[in-house]
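Working notes, beginning with the structure itself.
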Amino acid sequence: MSKDQEEPSTPTAYLASIGTALPGDPVDNATLAKVLGVNEEWIEVFIGTKTRHFARDLATGEIRFSLADLCARAAEKALAAPGVDPSDIDFIVLGTATPDTLMPATVNDVADQLGLDQVPTFQLQSGCAGAVQALSLAQTMIASGQYRTGLVIGGDVCSKHLDVQRDLSDVAASDLVNFVLFGDGAGAAVLTHQPVGARVAVRHVLNRFTGLGRKPGQVIEWFGLADRHDDRQALTEDYKAIEEGVPVMAVEILWELLGELDWDADQLDYLLPPQLSGRMTRLITEELGLPTAREVSCVAETGNNGNALPFLQIEKLLEQMAGGEKALAVAVESSKWIKAGFALEKI
């Protein structure tokens, strides 16, 4: 039997459905530039993102959606899909970098909104790799045989760190980029022990810390009562380190995943590249060099909404994925340099 004819390794979980939620109407660069008092062309050229969604009203700062609200909306869509029964959910896992509160955990507020009770809940505190970590945990739990169906959620409300009322005329570039790079959103998936619904096998999940001795590429501060008047920036980013490091890490992740799966690059039908910004995603995709795989990206329209992004990509993927086709997703967390990714195959 040739390599192309070999039976794939037995999957440990199946993706049954996807749901996503974006708050409000999209905010274009012209609107954002006017509110922030920055150059629209700079946003277009340096960031390359066209629109994003915010859980806060840009004009007033009023909170319209909490992270729990967005996660619950996304989960409701996933749970309403054909072949899925909310009463079958055995556990919930949420990955986020921006919980609504430190306590209670946001995942429990989501469970409450969904009317799910008496189930284990888990919340993973992580940046762009959090959704993949949540997927990894869910896959492991289902593979154990103790659980049959799980709800996996990822989302972030980054706008909570962006004060649009402040004077941005003299802020550092490392601070200003965060006002135009990020957006808000959430996504959810139902994972099962056998193929139902979308019938997509989760073939492999990669999640590995690789930042030993390396400075963080991104820091989000937490301010308690004792240091709330500290003059530290709430969110800082070493965009130069990210620009240099992420494409290299993405290539390493791609070939590591292919090696683990014993897949050839020309067997891939779809590529889900890291979703940092419109510009960075283009650069990374070129670096990955997979001309035969169709790119599935969303960041130019949604902004970088962190742990929602893999679900938004999968949602687009499922609209076009046919039986027997393979997809590979690459994710990099630059906060402390985590390699992540996953492989999917339509049954």
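State all residues of region 243-259 that are without any contact (Cβ under 8 Å) to a residue 60 or more places away in the chain and not aliphatic (A, V, I, L, M); if no residue qualifies, say none.
Across region 243-259, the qualifying residues are Glu243, Glu244, Pro247, Trp255, Gly259.
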What number of residues in region 28-50 are of a type in the set (Val, Ile, Thr), surrounded by 17 or more Cβ atoms within 10 Å (Cβ to Cβ) and under 25 Å from the mean Cα position of the chain (by Cα)?
3
Being more than 20 Å from the chain's Cα centre (by Cα) and surrounded by 20 or more Cβ atoms within 10 Å (Cβ to Cβ), is that true of even one residue in region 117-140?
no
Taking region 314-335 and the residues there that are part of a loop (DSSP other than H, G, I, E, B) and within 16 Å of the chain's Cα centre (by Cα), the one that is farthest from Leu206 (Cα to Cα) would be Ser335
Condition met for Gln267 (crowded, with 22+ Cβ neighbours inside 10 Å and not small (Gly, Ala, Ser))
no
Can you say whether Asp156 is modelled with pLDDT of 95 or more and closer than 30 Å to Ala33 by Cβ, as far as the supplied structure shows?
yes
When the residues of region 44-83 are narrowed to those that are outside any helix (DSSP H, G or I) and of a type in the set (Asp, Glu), which ends up farthest from Thr20 (Cα to Cα)?
Glu62
Selection status of Ser334, within 29 Å of Trp42 (Cα to Cα), of a type in the set (Gly, Ala, Ser), at pLDDT below 95 and not assigned by TED's automatic domain parsing to the domain that holds Ala134:
yes
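I'd like to verify a number: residues in region 303-316 that are surrounded by fewer than 24 Cβ atoms within 10 Å (Cβ to Cβ) and hydrophobic (A, V, I, L, M, F, W, C), how many? Walk me through how you get there before you give the answer.
First, pick out the residues of region 303-316 that are surrounded by fewer than 24 Cβ atoms within 10 Å (Cβ to Cβ): 315-316.
If we keep only those that are hydrophobic (A, V, I, L, M, F, W, C) too, we end up with none.
Residues that pass the stated criteria total 0.
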Residue match in region 108-129 (condition: in contact with a strand residue (DSSP E or B) (Cβ under 8 Å, 6 or more places away or on another chain) and acidic (Asp, Glu)):
no
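Given the structure, is Gly213 surrounded by 12 or more Cβ atoms within 10 Å (Cβ to Cβ), assigned to a loop (DSSP other than H, G, I, E, B) and modelled with pLDDT of 85 or more?
no
So, of the residues in region 228-250 that are surrounded by 15 or more Cβ atoms within 10 Å (Cβ to Cβ) and aliphatic (A, V, I, L, M), which turns out to be nearest to Thr292 (Cα to Cα)? Walk me through how you get there before you give the answer.
Of the residues in region 228-250, the ones surrounded by 15 or more Cβ atoms within 10 Å (Cβ to Cβ) are 233-239, 241-243, 245-247, 249-250.
Going one step further and asking which of them are aliphatic (A, V, I, L, M), we end up with 234-235, 241-242, 246, 249-250.
Working: Ala234: 41, Leu235: 38, Ala241: 29, Ile242: 27, Val246: 22, Met249: 21, Ala250: 17 Å.
Here the residue is Ala250.
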Which of the residues that make up region 11-43 are in a loop (DSSP other than H, G, I, E, B) and among the polar types (S, T, N, Q)?
Thr12, Asn39
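Which of the residues belonging to region 272-302 are in a strand (DSSP E or B) and either β-branched (Val, Ile, Thr) or surrounded by fewer than 21 Cβ atoms within 10 Å (Cβ to Cβ) (or both)?
Residues satisfying the conditions are Arg294, Glu295.
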Could you check Leu191 against (1) touching a residue at least 60 places away in the same chain (Cβ under 8 Å); (2) surrounded by fewer than 17 Cβ atoms within 10 Å (Cβ to Cβ) and say which number it fails?
(2)
With the structure loaded, tell me whether Val332 is among the aliphatic types (A, V, I, L, M), surrounded by 21 or more Cβ atoms within 10 Å (Cβ to Cβ) and over 25 Å from Arg73 (Cα atoms) or whether it fails that test.
yes
Just checking, which of Asp100, Asp117, Asp170, Asp156 is in the same structural domain as Gly48 (by TED's automatic domain parsing), in a loop (DSSP other than H, G, I, E, B) and either β-branched (Val, Ile, Thr) or in contact (Cβ under 8 Å) with a residue 24 or more places away in the chain (or both)?
Asp100
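The values are calculated or read from the model by the stated rules, or taken from the named source; none is laboratory data. These numbers were taken from a predicted model, which means no experiment stands behind them. Ideal geometry is used to build each Cβ from the backbone, glycine not excepted, and the neighbour counts take in all protein chains shown.
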